Amino acid sequence: MSQSTAVRPLDGITVISLEHAIAAPFCTRQLADLGARVIKVERPGVGDFARGYDQRVNGLASHFVWTNRSKESLTLDLKQEVAGTVLEQLLEQADVLVQNLAPGAAARLGLSFKALHERFPRLIVCDISGYGAGGPYEQKKAYDLLIQSEGGFLSVTGGPGDEQMAKAGNSIADIAAGMYAYTGILSALLLRERTGIGSHVEVSMLESLVEWMNYPLYYAYEGAPPPPRAGAAHATIYPYGPFPVGDGNTVMLGLQNDREWRLFCERVLQQPELADDERFWANFKRVANRDSLRELIVASFARLDFDTVIRRLESANIANARVNNMQGVWQHPQLKARDRFRTVQTSAGSIPGLLPPASSNAYTPRMDPVPALGEHSEQILGQLGLSSERIEQLRASGTI
């Protein structure tokens, strides 16, 4: 039974974010989804460089519209002394500071947790970086693909041989870091309710992605061979992956155990004798003989169309999926049936936005506009007590 109200979990929480690219903006957008006021501090005239990644969304960048809805944009040149005064005033009213500037940049601006904690004891400071503070990689530049490489992801993704390694099609290292920053800030807010004191949350892209790599890490424990690259198939379970069918389509299917293997042979392949074949009767056998088994499956599916294969898989209760492209996802019947898109406003018109995946019956997530660069500068500075004349002086000097 729905109990939706106007109250959201982070209503009344103010977040100041010195952010660019994906990791920090993805973190703070999710805080905004829960009702937090997020003030995004951007460089005058340029802004978050993710604004210029592409022009795919009515002239706006796809990464930017994804990670920046429901925020306020304040342009501020942090290299100018007066900007430090403005930022100080903002921090006096803030609950959280998030930053993913270049290594050491926040500390040079006097924005380290150590420097801020004495003046703002309730302030939570979240630092997101490529490799974390300390260690030989502290100052090393870090981009998503580079972290996918350092974190071992590329070693288990793609086809056999180094020439067939493949990166993830989206920014998984950034996304992982953004998620851990988001949950770290939520836990810090809960802790502050108990202690009254703000804390320091530190998140590195490398450690975030390596956490996601723990299965292959343990698979290769104490020098054991790592999972082989298996393309879109599963490296250690078979059959589990894409298979062509007779009408030119591709079906994705996955077997988890030997009971499902027997049902697959009986109802899908309609070759029950294969269930006890010495080459295939257990998963480790099927993995060792995957090439032979793939030939049998492909030959069987070549006589069938996609819908027939799906009906047989469903009758055997074997997990399966379509291999959708992006247009297939936009039109996905499950997302449509569950009404998962809402209209989000931008400076270039309205666009659809996916509701946050964690639905709640207690509140409606915030889905406010994606800000134009500096759209809220005058409003925010006015709330700090600056006169219109002073704001124009700051604009003329390039401070905002």
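The set of residues in the range 205-224 that are touching a Gly at 6+ places or on another chain (Cβ under 8 Å) and of a type in the set (A, V, I, L, M) comprises 205, 206, 209, 210, 213, 217. Restricting the range 65-106 to residues that are of a type in the set (D, E, K, R) and in contact with a helix residue (DSSP H, G or I) (Cβ under 9 Å, 6 or more places away or on another chain), the residue that is surrounded by the most Cβ atoms within 10 Å (Cβ to Cβ) is 71. Would you mind stating whether residue 198 is farther than 18 Å from residue 148 by Cβ, touching a residue at least 60 places away in the same chain (Cβ under 8 Å), small (Gly, Ala, Ser) and in the same structural domain as residue 113 (by TED's automatic domain parsing)? Yes. Going by the conditions given, is residue 169 outside the structural domain of residue 136 (by TED's automatic domain parsing), of a type outside the set (Val, Ile, Thr) and under 25 Å from the mean Cα position of the chain (by Cα)? Spelling it out, it is not the case that residue 169 is outside the structural domain of residue 136 (by TED's automatic domain parsing), of a type outside the set (Val, Ile, Thr) and under 25 Å from the mean Cα position of the chain (by Cα). Considering the range 107-137 alone, what residues qualify as being out of contact with any helix residue (DSSP H, G or I) (no Cβ under 9 Å at 6 or more places or on another chain) and not in a loop (DSSP other than H, G, I, E, B)? Residues satisfying the conditions are 108, 113, 117.
Residues in the range 291-320 that are surrounded by 13 or more Cβ atoms within 10 Å (Cβ to Cβ), within 33 Å of the chain's Cα centre (by Cα) and not β-branched (Val, Ile, Thr): 306, 313, 314, 319, 320.
Report yes if residue 344 is under 30 Å from residue 283 (Cβ atoms) and surrounded by 12 or more Cβ atoms within 10 Å (Cβ to Cβ), otherwise no. No.
Just to be sure, is residue 174 free of Cβ contacts under 8 Å to residues at least 12 places away in the same chain and in the same structural domain as residue 28 (by TED's automatic domain parsing)? The answer is no for residue 174.
Results for (1) under 22 Å from residue 220 (Cα atoms); (2) at pLDDT 95 or above, shown as yes or no for each residue.
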site: 120; (1), (2): no, yes
site: 127; (1), (2): no, yes
site: 130; (1), (2): no, yes
site: 139; (1), (2): no, no
site: 155; (1), (2): yes, no
site: 160; (1), (2): yes, no
site: 168; (1), (2): yes, no
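Of everything in the range 259-273, what is more than 12 Å from residue 309 (Cβ to Cβ), of a type in the set (D, E, K, R) and surrounded by 14 or more Cβ atoms within 10 Å (Cβ to Cβ)? Give them in sequence order. If the condition is that a residue be more than 12 Å from residue 309 (Cβ to Cβ), of a type in the set (D, E, K, R) and surrounded by 14 or more Cβ atoms within 10 Å (Cβ to Cβ), then 260, 262, 266 are the ones that fit. So which of 395, 342 is within 31 Å of the chain's Cα centre (by Cα) and basic (Lys, Arg)? Selected residue: 342, the only one of 395, 342 that is within 31 Å of the chain's Cα centre (by Cα) and basic (Lys, Arg).
Within the range 310-318, not a single residue is closer than 27 Å to residue 51 by Cα, in a loop (DSSP other than H, G, I, E, B) and in contact (Cβ under 8 Å) with a residue 12 or more places away in the chain. Apart from one condition, residue 182 fits all of (1) farther than 30 Å from residue 115 by Cα; (2) surrounded by 15 or more Cβ atoms within 10 Å (Cβ to Cβ); the exception is (1).
The values are calculated or read from the model by the stated rules, or taken from the named source; none is laboratory data. These numbers were taken from a predicted model, which means no experiment stands behind them. A quick note on method: Cβ atoms are made from the backbone with ideal geometry, for glycine too, and the neighbour counts reach across all protein chains shown.
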